[in-house]
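The values are calculated or read from the model by the stated rules, or taken from the named source; none is laboratory data. This structure is a prediction, so every number in the text was calculated from the model and none was measured. FYI the Cβ positions are ideal-geometry reconstructions off the backbone, even for glycines, and counts take in every protein chain you see.
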Amino acid sequence: MSEDLATGPLAGVRVVELAGIGPGPFAAMMLADLGADVIRVDRVAEVDASAFGTPHPDLLNRGRRSIGVDLKSADGREVVLALVGAADALIEGFRPGVTERLGVGPADCQAVNPALVYGRMTGWGQDGPNAPYAGHDIDYLALTGALHGIGRAGEPPVPPMNLLGDFGGGGMMLALGVVSALYAVRGGGTGQVVDAAVVDGVAVLSTQIHALHQLGMWRTPRGVNLLDGGAPFYDTYECADGRYLAVGALEPRFYDELVRRTGFPLPPDEPIDRTDPANWPALRAAWARLFRTRTRDEWAALLTASDACAAPVLDWQEASEHPHLAARRTFVLRDGVGPAGAGAPVLRHAIRRPPPWPGEHTDEVLTEAGFDRNRVAQLRASGAVG
């Protein structure tokens, strides 16, 4: 296993991550990709020393070191607060009030380190009627209206995996909030608490749709608008081999290029005014007939190296092998783990470590935090660390 020297805009920043799932680890991954030294505090019960030295399969945990800690023990709390004392930020994704009960809430941590940025990741937020309850990506999308707008006309809403909520509205917003708070602290400000909630982040991501609605350019029913599959020139089409082509020729000149390259319309069809939504069903039927005359890859060969704004719909494996993504190293393998997205946009290809196994760096991290050999042995004996 090789490790690159710390580099990037967040080099020298240390982050403590209280292990969680989904958006919290994604935010920590982004910070690590940007050069931060992220120490992941895993549950001591999950430590399996026999796996050390091999990459953990969870790609979201890449780029950091791991220490196994029992957060419910007094000694475990001591360890976390010692790490906090030398850190710039902490990230946690527990339900509201949990870290306070464990003695590692914002007040506890900022008493040790007044300049600490304390990042909190929840679905519903730290307050509000829903805050105490569990939820998942689909629930946050449902409440913000975003889920209502995703799907075909006349059909049920379609969950867009958990990319929009957990990672776009959650983890990425938390990473941005933490970086912004670090900037404020470096400028002389006091410690900050960042309350990142998926439900809030999805609402922010929906801003353009709300704006289009206010402008009279977006209708409430799903599947009837410009960007939701309502427009026949912004949709997916089945090809002769049963695979799909994505078409996004929104602007007139791009649509004209699509028409020119495909020979649309097919005889005996006549050109139809695409700007009138009343014509969209007939246009869609005509495009569907045309795209079923060739395979997906035949259409891709004809259209993708142009301004026709069309691309083959690839599966996960095909995507990692596509020539454009390969040329940009968009997906990479590191230490035999992957393929995975290469890294943060300002510092590409900076995955310095594979995902660690829980507790793989416990002794190393404790030594850096100032614990001597005897104290480390006592912590291990008590089960506070592993």
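For the range 220-239, give me each residue that is in contact with an Asp or Glu (Cβ under 9 Å, 6 or more places away or on another chain) and over 18 Å from ASP276 (Cβ atoms).
Quick first cut of the range 220-239, residues in contact with an Asp or Glu (Cβ under 9 Å, 6 or more places away or on another chain) only: 222-223, 229, 234, 239.
Residues satisfying the conditions are ARG222, CYS239.
Would you point out the residue of the range 27-51, among those that are surrounded by fewer than 20 Cβ atoms within 10 Å (Cβ to Cβ) and hydrophobic (A, V, I, L, M, F, W, C), that is nearest to LEU176 (Cα to Cα)?
First pass over the range 27-51, keeping only residues surrounded by fewer than 20 Cβ atoms within 10 Å (Cβ to Cβ): 43, 45-46, 48-51.
Checking which are hydrophobic (A, V, I, L, M, F, W, C) leaves us with 45, 49, 51.
Numbers: ALA45: 32, ALA49: 34, ALA51: 33 Å.
This residue is ALA45.
Would you check if there is a residue in the range 111-126 being under 18 Å from the mean Cα position of the chain (by Cα), farther than 16 Å from GLY20 by Cα and not in a loop (DSSP other than H, G, I, E, B)?
Among the residues of the range 111-126, not one is under 18 Å from the mean Cα position of the chain (by Cα), farther than 16 Å from GLY20 by Cα and not in a loop (DSSP other than H, G, I, E, B), which makes the answer no.
THR330 - would you say it is in contact with a Ser or Thr (Cβ under 9 Å, 6 or more places away or on another chain), among the β-branched types (Val, Ile, Thr) and modelled with pLDDT under 85?
Values: in contact with a Ser or Thr (Cβ under 9 Å, 6 or more places away or on another chain): yes; among the β-branched types (Val, Ile, Thr): yes; modelled with pLDDT under 85: yes.
So THR330 passes the test.
Wholly within the range 136-248, which helices (runs of 4 or more DSSP H) include no fewer than the required count, namely at least 1 residues that are touching a residue at least 12 places away in the same chain (Cβ under 8 Å) and either touching a His at 6+ places or on another chain (Cβ under 8 Å) or more than 30 Å from CYS109 (Cα to Cα) (or both)?
Numbers: elements: 137-144, 172-186, 198-205, 207-214.
Passing ranges, in order: 137-144, 198-205, 207-214.
Filter the range 333-368 down to the residues that are under 23 Å from ALA175 (Cβ atoms), in a strand (DSSP E or B) and not β-branched (Val, Ile, Thr), then identify the one that is modelled with the highest pLDDT. I'd like the intermediate steps shown before the answer.
Initial filter on the range 333-368 (under 23 Å from ALA175 (Cβ atoms)): 334, 337-356, 358, 361, 365.
Still in the running and in a strand (DSSP E or B): 334, 337-341.
Checking which are not β-branched (Val, Ile, Thr) leaves us with 334, 338-341.
Working: ARG334: 65, GLY338: 62, PRO339: 67, ALA340: 68, GLY341: 71.
Only one residue fits best here, namely GLY341.
Considering ALA32, ALA45, which residue is in contact with a strand residue (DSSP E or B) (Cβ under 7 Å, 6 or more places away or on another chain) and either without any contact (Cβ under 8 Å) to a residue 60 or more places away in the chain or assigned to a helix (DSSP H, G or I) (or both)? Spell out how you get there, then give the answer.
Values: ALA45 fails: in contact with a strand residue (DSSP E or B) (Cβ under 7 Å, 6 or more places away or on another chain).
Answer to the selection: ALA32.
Can you tell which of ASN113, ASN61 is over 21 Å from MET172 (Cα atoms) and among the polar types (S, T, N, Q)?
Numbers: ASN61 fails: over 21 Å from MET172 (Cα atoms).
Criteria check complete, one pass: ASN113.
Please determine whether any residue of the range 50-64 is in a helix (DSSP H, G or I), at negative phi and without any contact (Cβ under 8 Å) to a residue 40 or more places away in the chain.
Just the residues of the range 50-64 that are in a helix (DSSP H, G or I), to begin with: 50-51, 59-61.
Next, only the ones that are at negative phi stay: 50-51, 59-61.
Now drop any that are not without any contact (Cβ under 8 Å) to a residue 40 or more places away in the chain, which leaves 50.
Scanning the range 50-64, I find at least one residue that is in a helix (DSSP H, G or I), at negative phi and without any contact (Cβ under 8 Å) to a residue 40 or more places away in the chain, so the answer is yes.
Does any residue in the range 1-17 that is closer than 10 Å to ALA32 by Cα come within less than 8 Å, Cβ to Cβ, of a residue that is exposed (fewer than 14 other Cβ atoms within 10 Å of the Cβ) and modelled with pLDDT of 60 or more six or more places away or on a different chain, and which pairs are these?
Note: pairs meeting the criteria are ALA6/GLY12.
Step by step: first the residues of the range 68-110, then only those that are basic (Lys, Arg) and assigned to a helix (DSSP H, G or I), then the one that is surrounded by the fewest Cβ atoms within 10 Å (Cβ to Cβ). Which residue is that?
In the first step, residues of the range 68-110 are kept if they are basic (Lys, Arg); the result is 72, 77, 95, 101.
Subsequent filtering for residues that are assigned to a helix (DSSP H, G or I) retains 77, 101.
Details: ARG77: 18, ARG101: 10.
Residue satisfying both the conditions and the ranking: ARG101.
Identify all residues within the range 187-227 that are among the polar types (S, T, N, Q), under 24 Å from ASP88 (Cβ atoms) and surrounded by fewer than 18 Cβ atoms within 10 Å (Cβ to Cβ); write none if there are none. Spell out how you get there, then give the answer.
Here is the first cut: in the range 187-227, the residues among the polar types (S, T, N, Q) are 190, 192, 206-208, 214, 220, 225.
Subsequent filtering for residues that are under 24 Å from ASP88 (Cβ atoms) retains 190, 192.
The one that is among the polar types (S, T, N, Q), under 24 Å from ASP88 (Cβ atoms) and surrounded by fewer than 18 Cβ atoms within 10 Å (Cβ to Cβ): THR190.
Which of the following residues is outside any helix (DSSP H, G or I) and surrounded by 14 or more Cβ atoms within 10 Å (Cβ to Cβ): ARG289, ARG274? Walk me through how you get there before you give the answer.
Values: ARG289 fails: outside any helix (DSSP H, G or I).
Criteria check complete, one pass: ARG274.
May I ask you to list pairs of residues, at least six apart or on different chains, whose Cβ atoms are under 8 Å apart, with the first in the range 312-323 being within 18 Å of LEU245 (Cβ to Cβ) and the second being in a loop (DSSP other than H, G, I, E, B) and at pLDDT below 95?
Matching pairs, first to second residue: PRO312/THR304; LEU314/HIS322.
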